[in-house]
Structure formats: C-alpha cells, structure tokens
Amino acid sequence: MARTRDDDTTRLDEAARAGWLYYVAGNTQEEIASKLGISRQAAQRLVSLSVTSGLVRVRLDHPIAACLELAERLKSRFDLRYAEVVPSDPTSASTTLGIAEACATEMERRLKQENPLVIAMGTGRTLKAAVENLPPMTCEHHRIVSLTGNIAPDGSASVYNVIFSMADQVKAPHYPMPLPVIVSTPEERRLLHRQTVVQSTLHLAAEAEVTFVGVGEIAANAPLLVDGFITPKEREELLAMGAVGEIVGWVFDARGRLIECAFNERVASAPIPSTETSEVIAVAMGPAKRAAIRAAAEGGLVNGLITDEATAERLLRN
C-alpha cells in the first residue's frame, strides 16, 4: 500500500522530535529510544532522517522545535515528568484542537507497550475528542479504569464518560465506576463506596501506572455548571472559598489543594492517583483554564501536561 501524505507528515514530525532531542537537547540515541518508546535502531533512523530531510541545519528547521522547547521549559518549571506542547491556532476558539490529537497519540503509544498497564481515565470534552482519534486496536493485556461515575444528575448516562467508547475502540478490559458522578450526601457516598464492586474499581484506579485527566475551570462556563453538577449559587460559594479548578469533580484552590467543603464531600470519583506512583497527565488548554492548570501542576495533582503553545507561554510568563 502506498504511503499517504499524512503518513509522510507524521514521519517528519517524528524525525523532527528525534532530531531536536539529539542535536538540541543532547540526548543519546538510547535515551531518545526510551523517551519515544521505540527501539534504538528506530531512533537512529529518525535522527538520520532529520538530517537527510533538511530538518536539521544550524538549528532545527521545523515548527515543532518551538513546541519542544516550551515543553522542556514546562517540565523544568513545574517539575513535570512529561510535557507535550502543540502549535496554537490563533483563529480557533476550540479548547480541544491539537491537544486531543496529541493526547490520542500518547494514549496509542502507551497502549502499544508490551508490558501490561493499568490506565486510569478521567472525563470531559477533551478526553472524549482524544478517544475519538484513537485507531482501532486490540489491547487485551491492558486494563482501563474510570475515575468517575457514569451517571449524570438527571439519571442519564454521562455524555463525557469515555471508558466505554475507549474500551470498544481498543478492545481492552474496562472497569467503569458504577456510581453517579455526584451523590446527594457524604453518607450516601460512604455507603456506595463500601460496595464490593466499587471497592474493586477504587483499588484498581489507585494502581494506575498512567492517568489521563481533563482540567475544568470554576468560571461562568465551568463544565461542572454547564453539565448540571453544581448550581450558580454553589459555584459562587466555591469561588468564595478560593476554588480555581477541578479534576474528575474534585475542586481545588490556587495552590492545588483539595478544598474541604460540602461539595467535595459528595464527589463520588476515585481519588486522583498519586503522582508518586502514576504519571497523571492533564490535557487542557485555553485562557480560562490557565489558573486551574497552573494550580494543578504547582500543587502536584498532576505531573504531566498536554497543552498548546499559547497556554504554555502564559503558564511560563509568571
């Protein structure tokens, strides 16, 4: 089958990344292979291609170079284990463009690993768009677990819970959280979390080696508000307590600390996996999310980030 233009573009992107890591960041070919999840021979071929294709001269002559540099600065500034920055489109108002595709690529890379993984998934528009970009795969040796419930406030299935569509796309065992996203009282949450099937899912989520989550802001168009999980009055109360963002429902302040409040006591989600044992990768972009992304990174709620150039520059500005 003939190679397509998209295949050639992807190959050049991979070569540009390998070339940047080798000629600019000073990585060895073994280190490049480890970082890109490929063999040493494949890394060597990509580095060679970056030269023969004219991508490497005195500097890396490819738009992705600026993104790679921003990603390295983000890793250093926020002590991240992983960072990916995609080009920004100043004419687009989308909050998923570019990062959803990059997230899908990173998910695919993890799913192609031979060692069995537990992959935890958050919810939201960006992750939904990412899953829609995944190619069909068969990954029966991995397990995918949801961090959030799959029942919306009105009793319907949550539109942005991605566990079922992802599992169907990659043919992997999957473990949904059989709960509402938000429950009525703390007592109800304690009762539900004592159920054997729920405890099994909570324990599996805590074992995740890699986690993908969206980041929500606490603003007029906050996902929690738009999707009916909080009322305008509750949003104002959260703002008064210093809330700046949320991850899988858990609301946190500007220092990345979960807020002790009545709302968080009703969140039925699994705890966000520890960044000491899991790569917790936030996938988010846009001016409205800047404060929430910064807080999550500085507070250690996440140790990975996929974002766009404009957001990365804003995060590094202060």
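Conditions tested, residue by residue: (1) free of Cβ contacts under 8 Å to residues at least 12 places away in the same chain; (2) in contact with a His (Cβ under 7 Å, 6 or more places away or on another chain); (3) over 18 Å from VAL145 (Cα atoms).
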residue	(1), (2), (3)
VAL162	no, no, no
SER165	no, no, no
ALA172	no, yes, no
MET177	no, no, no
PRO180	no, no, no
THR185	no, no, yes
ARG189	no, no, yes
THR196	yes, no, no
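Yes/no per residue for (1) charged (D, E, K, R); (2) within 24 Å of LEU191 (Cα to Cα); (3) modelled with pLDDT of 95 or more:
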position: ALA243; (1), (2), (3): no, no, yes
position: VAL248; (1), (2), (3): no, yes, yes
position: ARG257; (1), (2), (3): yes, no, yes
position: GLU260; (1), (2), (3): yes, yes, yes
position: THR277; (1), (2), (3): no, no, no
position: ALA282; (1), (2), (3): no, no, yes
position: ARG290; (1), (2), (3): yes, no, yes
Please list, ordered by first then second residue, the pairs with beta carbon atoms under 6 Å, 6 or more apart or interchain, first in the stretch 17-32 and in the same structural domain as SER50 (by TED's automatic domain parsing), second at pLDDT below 90 and in a loop (DSSP other than H, G, I, E, B).
GLY19/LEU55; LEU21/ASN27
Tally time: how many residues in the stretch 86-114 are in a helix (DSSP H, G or I) and of a type in the set (Asp, Glu)?
3
Matching residues, the stretch 198-227, being surrounded by fewer than 13 Cβ atoms within 10 Å (Cβ to Cβ), touching a residue at least 12 places away in the same chain (Cβ under 8 Å) and within 24 Å of SER274 (Cβ to Cβ)
SER200
For the stretch 295-314, how many residues meet the condition of being surrounded by fewer than 24 Cβ atoms within 10 Å (Cβ to Cβ), farther than 13 Å from ASP79 by Cβ and not small (Gly, Ala, Ser)?
3
Can we say ALA83 is part of a helix (DSSP H, G or I), among the hydrophobic types (A, V, I, L, M, F, W, C) and in the same structural domain as VAL198 (by TED's automatic domain parsing)?
no
Only unsatisfied item for ALA42, checking (1) touching a helix residue (DSSP H, G or I) at 6+ places or on another chain (Cβ under 8 Å); (2) modelled with pLDDT under 85; (3) surrounded by fewer than 17 Cβ atoms within 10 Å (Cβ to Cβ), is (2)
Take the residues in the stretch 125-157 that are crowded, with 19+ Cβ neighbours inside 10 Å and among the small types (Gly, Ala, Ser), then tell me which one is nearest to the chain's Cα centre (by Cα).
ALA130
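The values are calculated or read from the model by the stated rules, or taken from the named source; none is laboratory data. Quick caveat, the model's predicted, so the values are computed rather than measured. Backbone-built Cβ (ideal geometry, glycine too); neighbour counts: all protein chains shown.
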